[in-house]
Amino acid sequence: MDKIVIEGGQRLEGEIRVNGAKNAALLIQCAALLGDGKTTLRHVPALSDVRTMSRLLERLGCQVGGDRTLSIDPAGVAKGTLEAPYELVKTMRASVTVMGPLLGRYGRARVSLPGGCAIGARPIDQHLKGLAALGAEIELSHGYVELRAKRLHGGSVVFDTVTVGGTQNVMMAAVLAKGSSQLENVAREPEVQELARFLNKMGARIRGAGTPVIEIEGVDSLTGIDHAVVPDRIEAGTLAVGAAVTRGNVLLRDAPVDDMHAVIAKLQEAGVRCSVEADGLRVEGPDELRPIDATTRPYPGFPTDMQAQLMVLATQARGQSLITETIFENRYMHVPELGRMGADIHVNGNAAVVRGPTPLSGATVMATDLRASASLVLAGLVAEGETEVRRVYHLDRGYEALDKRLRALGARIERFHGAPG
């Protein structure tokens, strides 16, 4: 098991290109199941989650090849089992989003229920509600959900809660349904908009992505296409916080500024200078950070995937910050680890009070989930002495070679293979 060791105290300086978005790439991989012919995806991040999704597609009968440029040919899927097994779904929850395309194109799917998640319960009841409204017959047994439909029909779906995965699953099912569908109270995230752009390029008829209502006119077939994945707004935000807390100066090339308004606003509230340039976003950390108040919300609000990173910034701000988590009930698992490094954080329910600035000191810490692991790396950048982050396989799910990329900006950071977990 790998570990990352950081010697703190170095400013991040220079420029770095933002990688393709993990959460967009995973859903587009699923959507490739809908096309007649091969799909080529470019600007794909080299991540363990992307590799897991590729293994699942191969298990379903796809021919998958490549790395950062990925080819997916679903020609053999109809002969396969159309099953997403537990051993893959348990390692990556996004696996459940094969339900929509399998049901929409092949008329059936068998998918393991995902169960619990390290950052809290994430049920799929809204996914199933939406698919049932399109005519799916659904049976739950032995830890699996089985779905069948000769051909889905258009329908009206009003989601009880905003759900990114549910919106995407039902969108992918509806594009090949007979007739028109209307989805209300949908997720508006950039990854939903990217999926709609991809599907429309394949020949789908989707309107309204990015608004609370999506309208879909079903078509008879879709084609495989060539598509480049959008840059990752969460990776860009993480690197921006790294520049801010180290009082650095970093140009984030290709940063998706239009998708980062909530994050940029909080950075500016803390006194960070954010300048949009022709080829990206420049982030300059101030001599003294100001405290911030932030509440996680569905897009276009402040993203839950940036909460842990922002908390590290708050530990270095002069005064009291308040961070409130409204999306997941168990997403403060990084707090005890930051506390071991000297952070002054008090959690009461879903609110965390952070008092700063507190000098952080290097320690051995344990990553508990993807974004928590990123926050510990950021804390290590500003801590005095050596920080050892263990269980970095969480980090590798969503950040491609983050240690190498930070080292290129001046960080003293090394990865060690085969370290104890």
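The values are calculated or read from the model by the stated rules, or taken from the named source; none is laboratory data. On a predicted model such as this, the values are computed, not experimentally measured, just so you know. Using ideal geometry, Cβ is built from the backbone for each residue, glycine included, and neighbour counts are taken over all protein chains shown.
Here's a check for you: in segment 87-115, which residue that is of a type in the set (A, V, I, L, M, F, W, C) and part of a helix (DSSP H, G or I) is nearest to GLU137 (Cα to Cα)?
LEU103
Of all residues in segment 217-243, which are more than 23 Å from the chain's Cα centre (by Cα) and not in a loop (DSSP other than H, G, I, E, B)?
Those that are more than 23 Å from the chain's Cα centre (by Cα) and not in a loop (DSSP other than H, G, I, E, B): GLU217, LEU222, THR223.
Give, as residue ranges, the helices (runs of 4 or more DSSP H) completely inside segment 308-414 that count at least 1 residues that are within 24 Å of GLU13 (Cβ to Cβ) and polar (S, T, N, Q).
370-382
Within segment 250-283, which residues are crowded, with 18+ Cβ neighbours inside 10 Å, touching a residue at least 40 places away in the same chain (Cβ under 8 Å), on the phi < 0 side of the Ramachandran plot and in a strand (DSSP E or B)?
VAL250, LEU251, LEU252, LEU281, VAL283
For the structure I just gave you, tell me whether GLU194 is in contact with a Phe, Trp or Tyr (Cβ under 7 Å, 6 or more places away or on another chain) and either assigned to a helix (DSSP H, G or I) or of a type in the set (Lys, Arg) (or both).
Against the criterion (in contact with a Phe, Trp or Tyr (Cβ under 7 Å, 6 or more places away or on another chain) and either assigned to a helix (DSSP H, G or I) or of a type in the set (Lys, Arg) (or both)), GLU194 does not qualify.
Check off (1) closer than 20 Å to VAL164 by Cα; (2) out of contact with any helix residue (DSSP H, G or I) (no Cβ under 7 Å at 6 or more places or on another chain); (3) of a type outside the set (Gly, Ala, Ser); (4) touching a residue at least 40 places away in the same chain (Cβ under 8 Å) for LYS90 and give me the number that stays unchecked.
For LYS90, the exception is condition (4).
Give the residue, chosen from GLU400, GLU386, GLU329, that is buried (at least 17 other Cβ atoms within 10 Å of the Cβ) and not assigned by TED's automatic domain parsing to the domain that holds SER48.
Going through GLU400, GLU386, GLU329 in turn, just one is buried (at least 17 other Cβ atoms within 10 Å of the Cβ) and not assigned by TED's automatic domain parsing to the domain that holds SER48: GLU400.
Does GLU184 satisfy being modelled with pLDDT of 95 or more and surrounded by fewer than 20 Cβ atoms within 10 Å (Cβ to Cβ)?
Considered against the rule, which asks whether it is modelled with pLDDT of 95 or more and surrounded by fewer than 20 Cβ atoms within 10 Å (Cβ to Cβ), GLU184 comes out as yes.
Would you pick out the residues in segment 128-164 that are in a strand (DSSP E or B), in contact with a helix residue (DSSP H, G or I) (Cβ under 9 Å, 6 or more places away or on another chain) and not aliphatic (A, V, I, L, M)?
Across segment 128-164, the qualifying residues are TYR144, ARG148, SER156.
Among the residues of segment 94-113, is there at least one that is in contact (Cβ under 8 Å) with a residue 12 or more places away in the chain, loosely packed, with under 14 Cβ neighbours inside 10 Å and assigned by TED's automatic domain parsing to the domain that holds PHE198?
No: segment 94-113 contains no residue that is in contact (Cβ under 8 Å) with a residue 12 or more places away in the chain, loosely packed, with under 14 Cβ neighbours inside 10 Å and assigned by TED's automatic domain parsing to the domain that holds PHE198.
Looking at (1) within 20 Å of GLN316 (Cα to Cα); (2) buried (at least 20 other Cβ atoms within 10 Å of the Cβ), which one does ARG412 not meet, given that it meets all the others?
(2)
So which of GLY203, GLY143, GLY130 ends up being over 27 Å from TYR332 (Cα atoms), assigned by TED's automatic domain parsing to the domain that holds ALA78 and surrounded by fewer than 16 Cβ atoms within 10 Å (Cβ to Cβ)?
Every option except GLY143 fails the conditions.
Sort through THR295, THR246 and tell me the only one that's under 23 Å from the mean Cα position of the chain (by Cα) and either closer than 29 Å to ARG405 by Cα or surrounded by fewer than 20 Cβ atoms within 10 Å (Cβ to Cβ) (or both).
One residue alone meets the criteria, THR295.
Quick one: would you say LEU239 is crowded, with 24+ Cβ neighbours inside 10 Å, under 30 Å from GLU269 (Cα atoms) and modelled with pLDDT of 95 or more?
Taking the combined requirement at face value, the residue satisfies it.
Give me a count of the residues in segment 37-86 that are buried (at least 18 other Cβ atoms within 10 Å of the Cβ), in a loop (DSSP other than H, G, I, E, B) and at negative phi.
6
Would you tally the residues in segment 293-305 being touching a strand residue (DSSP E or B) at 6+ places or on another chain (Cβ under 8 Å) and part of a helix (DSSP H, G or I)?
Residues that pass the stated criteria total 1.
What are the residue pairs meeting all of these: first residue in segment 338-350, first residue assigned by TED's automatic domain parsing to the domain that holds GLU384 and within 16 Å of ALA372 (Cα to Cα), second residue surrounded by 15 or more Cβ atoms within 10 Å (Cβ to Cβ) and modelled with pLDDT under 95, Cβ atoms under 6 Å, and 6 or more apart or on different chains?
VAL347/TYR332
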